[in-house]
Amino acid sequence: MTGLQITFLVVAAAILASAVLVVTARNLVHAALWLIATLFGMAILFVLLQAGFLAAVQVVVYIGAIAILIIFAIMLTRRVMQDTGPQTNSQWWLGGLLAAALLAAIAYTLFRVDQQGAFPLANVPIPDSSLAELGKALVSPDFYMIPLVVIGVLLAVGMVGSIAIARDEREKE
Amino acid sequence: MEFLSNPIGVIRDWLAGLLSGFLPPDAVSLVLVILGALVVGALGLTTPLFLIWYERRLIGRMQDRVGPNRVGPEGLFQTVADALKLLSKEDITPIGADKIVYNLAPIMAVVSVLTMWAVIPLAVNIVGTDLNIGVLYIVSVGSLGTLAIMLGGWASNNKYALLGAFRTVAQLVCYEVPMILALIVPVLLASSVGVANPMSMQEVVAAQSGAWHEWFLFKAPIAFLIFFIASVAETGRAPFDLLEAESEIVAGFNIEYSGMKFGMFFVAEFLHAFTVGALVATLFLGGWSGPFVEQAPLLGVVYFILKAFAAYFLIILMRAALPRIRIDHMLDLNWKFLVPIMLAAIVAIAVTDKALPRATVGPLWNAVALFAANLVVAVIAVNWTSAAARQMRQADESRNPPGAAPAASADHGHDAPAPAASHAAH
Amino acid sequence: MIPLSWYLALSAALFSVGVYGVLARKNAVAILMSVELMLNAVNINLVAFWHYLTPTAVSGMAFALIVFAVAAAEAAVGLALIISIYRRRQTVVAEDVNLMKF
């Protein structure tokens, strides 16, 4: 066990524990806080994977924008501090079974693949310039220029759409 | 001499030599990292003791008062006395409050500001850590502050605190957009100067250390202004103190906080304001660069602090001189004025820099061209917005002719001067 | 060095937790949060594969960025829908919004 492995195990345990709390917490704001903890753990994993840029983006986009938006929506749609009664629907056990079956299937496949050694590990260090390469690839017509433009359109459409949907009809006069 | 040119390095080597006698190398580097973090954190936490005094004295002068001048020489220890008072106060947690979140929020507020100092370079060899994504890191830890204020407002279980939390979302999340857009410009300009890693704070400073016209303040004044305005809005201070507007929602998000928990929000706010000054100094005013800094790197700390305090002075001046902005004006200013101008400025700067590159026209003319491009964008923006404001005013007047007594349902913004791009006609 | 399979196992577990959340939670906002968990699980996979299998190419990071953007758009539109439904029907319970149910 190296220090890195111990770090990974601790972070992974924290991520899983808070993820479970996200789906089980009764108080929705607490669930959102656990979601933030999960996302933060994910950012640490990205650092472990030497993708510091993605870790920073994770914190900006997920915690700084999405999580805050979710908390905002919870505050808007709930009366403050009143989360009583069951938070799961009547068929929650079916969902649990399905999720467990899915986990078992993936774990079995993973185990099989891992035993056969099917992952062709590259075993080369990550180049220092990978961030610059990513930037160039995102605007290069040979790589991801069109996806980037499509994402831009998607975000613009999403923004206009969400304003149009959430707008109060009565305000229009 | 070696110590004077690289004090941190000398201390680090000495400590490493001391520790490696009885610790494995991994543990030594871990201990050094923790010590470094403690030093940066302690520095950040003690600075507000001075900042608060400085700001109160300065505001006092601006308002024709004396300001605190009793405790210690010139009132220098007033903040220490205040901190002792806060510590001895009763620590109240409201009954309906969400205890964990309520106690977590002030800590998060301080941490989010403190962690920014990890990447701000004080001199060429004095920096917490020179991340290759430093500029992005600043944005990402800054967004945690929003979360802290919002959670503090929610967990207090008080309607005014909740209103403050709602305003926080409206204001802080919105003003992150022009701030991030403005941050693109120093990175862009640094990379066109030719540094290897334009997102690292240290190299942004290095890109500005050549001559006076290399400062990004001169190359991109619009980005500087917009970054400044948006960052001041991010700190939540006057004129953008809607989140704690005393006369409207009592004290906003921190209404229920008492004792040192309130003190932590207070410290976070002052430290954040100074951090904005430090960021402006680093990103636009050349950070530690200045004359003779190659011979004596420690001189860089002096230059950096001078520049940071100059920017901080501007922030205090804004706080003392401007009244609180109305909430719809605050949103309009962001979405209809800052964001479009910043987008136009990014395009103008990028195109100009590509059309008249440093390599062919030389650094000075490149800077002049960039300044001219900024000026053109500024003139167009001011013309456009004043035309739009005039149009709105006329539409307003045709509905409520001047002279007639304003009806009860008349636009309540009628008597307030509309900001650049005024609110939509009702 | 951390084995690749550890990351994959974590990602699988996280995805399953997300699936459970989507299927079992009543509140529409909670369902959205569970979807975010699933998207994050996918991101771990993408970045882990990039780190271990193709570190010299940038495709893994680019895909992860695309997932970020899609997640942001999804959260914005999803929450707008939820708030719109809440305005009209005073509920955010997914079961109660059953007009289109067969």
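Observations, loosely collected:
- When only Cα pairs below 8 angstrom with a gap of at least 6 residues are kept, chain A shows a relative contact order of 15 percent.
- Prolate/oblate/rounded label for the stretch B:265-320 (Cα gyration tensor, a/c 1.5): prolate
- Note: relative contact order over the stretch B:146-274, using C-alpha pairs below 8 Å and six or more positions apart, is 33 percent.
- Per residue value of the accessible surface for chain B (all protein chains in place, 1.4 Å probe), Å²: 46
- Under 29 Å from the Cα of B:Lys85 - lysines, other chains or at least 8 residues apart: B:Lys99, B:Lys159, B:Lys261
- Top of B:Phe166, B:Phe292, B:Phe266 by mean-square fluctuation, Gaussian network on chain B, Cα under 10 Å: B:Phe292
- Cα gyration tensor shape for the protein assembly as shown, rounded if a/c is under 1.5, else prolate or oblate: rounded
- Taken along the Cα-to-beta-carbon direction at a fixed 7 Å, the label points for A:Ala100 and B:Asn103 span 3.6 nm.
- Note on B:Val119: accessible area is roughly 0 Å² with a 1.4 Å probe, heavy atoms of protein only.
- In percent, rounded to a whole number, the relative contact order of chain B is 18, using alpha-carbon pairs under 8 Å and six or more apart.
- The Cβ shell under 15 Å around C:Met100 holds other residues with a net charge of +1, Lys and Arg each +1, Asp and Glu each -1.
- Of the complete DSSP H runs in chain A, those spanning 18 angstrom or more by Cα along the long axis with a mean Kyte-Doolittle score not below 1.6 are A:3-24, A:28-48, A:145-166.
- Mean residue ellipticity, 222 nm, helices only, chain B: the sum of -39500 (n - 2.57) across DSSP H runs of n ≥ 4, divided by residue count and rounded to 500, is -21500 deg cm²/dmol.
- Pairs of alpha carbons in chain C whose separation is greater than 21 Å (percent): 46
- With DNA, RNA and ligands ignored, accessible area of C:Arg89 (1.4 Å probe; Å², nearest 10): 100
- Summarised as an ellipsoid, chain A has semi-axes of 33, 28, 17 Å, derived from the eigenvalues of the Cα gyration tensor scaled by 5 and square-rooted, with the largest first.
- From the alpha carbon centroid of the stretch B:263-279 to that of the stretch A:1-61 is 28 Å.
- The modelled label-to-label distance between B:Asp26 and B:Arg61, using points 7 Å beyond Cα along the C-beta direction, is 5.5 nm.
- The GluC sites (Glu not before Pro) found in the stretch B:47-136 that occupy coil by DSSP, while having at most 10 further C-beta atoms within 10 Å, are B:Glu90.
- Reachable lysines from B:Lys336, criterion Cα separation under 26 angstrom, eight or more residues apart if same chain: A:Lys172, B:Lys219
- Averaged over the residues of C:90-97, the number of partner chain Cβ atoms lying within 10 Å of the residue Cβ comes to 2.
- List B:Arg167, B:Arg56, ordered by accessible area with a 1.4 Å probe, largest first: B:Arg56, B:Arg167
- Cα gyration tensor category, rounded, prolate or oblate, for chain B with a/c compared to 1.5: oblate
- Distance between the modelled labels on A:Ala107 and C:Arg88, one decimal in nanometres: 4.3 nm (7 Å Cα→Cβ projection).
- The accessible area of B:Ser5, taken with all protein chains in place and a 1.4 Å probe, comes to roughly 40 Å².
The values are calculated or read from the model by the stated rules, or taken from the named source; none is laboratory data. What you see is a predicted model; the values in this text were computed from it and never measured. Note that each Cβ is placed from the backbone with ideal geometry, even for glycine, and that neighbours are counted across all protein chains shown. In case anyone asks, the SASA skips ligands and DNA or RNA and just uses the protein heavy atoms, side chains included. Shrake-Rupley method; radii C 1.70, N 1.55, O 1.52, S 1.80 Å.
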